[in-house]
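The values are calculated or read from the model by the stated rules, or taken from the named source; none is laboratory data. If you're wondering where the values come from, they're calculated on a predicted model, not measured in any experiment. All Cβ positions, even for glycine, are placed from backbone atoms using ideal geometry, and neighbour counts span all protein chains on display.
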Amino acid sequence: MEDTIHDILALVKKKMAEQGGYSRDAYKQFVVETIDYFIEKGKLTDDDNLEFMEDRLMDMYDEVNKDLAEEE
């Protein structure tokens with residue numbers, strides 16, 4: 001599950017950088033969109049603990065925002 005979370009996070013970071021959405025609300029939207037994308041592609045199912053994954057990714061917001069600020 002940790003590998004999947006990191007895959008989701010990488011795509012979320014890419015979306016944030018490309019679309020310039022750095023607020024917590026934008027981050028949450030990217031997380032939800034990316035989880036939905038992984039479900040569509042069959043990488044996640046309803047049997048996966050999606051709520052836990054979303055919560056874990058939301059807990060990483062401050063770190064992600066800091067990392068992206070350092071990259072600029």
Q. Does segment 57-66 contain any residue that is of a type in the set (K, R) and at pLDDT 95 or above?
A. no
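Within the group D36, D25, D7, which residue is over 24 Å from E70 (Cα atoms) and at pLDDT 95 or above?
None of the other options fit; the residue is D36.
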Q.
Pairs please, first residue from segment 20-35 and over 24 Å from M1 (Cα atoms), second anywhere and surrounded by 15 or more Cβ atoms within 10 Å (Cβ to Cβ) and of a type in the set (F, W, Y), Cβ atoms under 8 Å, 6+ apart in sequence or on different chains.
A. G21/Y27; G21/F30
